[in-house]
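First comes the structure, then the notes that go with it.
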Amino acid sequence: MKTNPPLLAVAGTAALAQPMPPPRPEDRDHERAERMEHERHMERREEHRELHAEHRDIMRDREALRHREHEARAHAHDVHEEMEHR
């Protein structure tokens, strides 16, 4: 013999399947404002990351140039000394 589920359980399941009532317009405006603020914040973070990476690259390049300049001066000095000893 098959038993039917209680009517209350079926009614509760049907209630869960119903869409939620639309939010009030002021709630949507507030959510939209929060979402836009979050997007602006994320854009600023991305811009900051890009600027930081660019700055890091510039500093790395400057250090490499200093190192190359130092090596070039040392090499020029060695060449000059060799020519003097000839």
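Bear in mind these aren't lab numbers, they're just calculated from the coordinates by the rules spelled out. Just so it is clear, the structure is predicted and the values come from calculations on it, not from any experiment. In this analysis, Cβ positions are derived from the backbone assuming ideal geometry, glycine residues included, and neighbour counts consider all displayed protein chains.
Quick look at the values:
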read-out	value
Alpha-carbon spread of the range 25-85, three principal axes, descending order, Å	90, 6, 5
Sites residue 20 and residue 53 - FRET efficiency at Förster radius 30 Å, r taken between beta-carbons, to 0.05	0.10
Distance (nanometres) between label positions extended 7 Å along Cα→Cβ at residue 45 and residue 60	2.3
Chain lengthening between residue 86 and residue 37 when straightened (0.36 nm per residue, less Cα-Cα)	10.3 nm
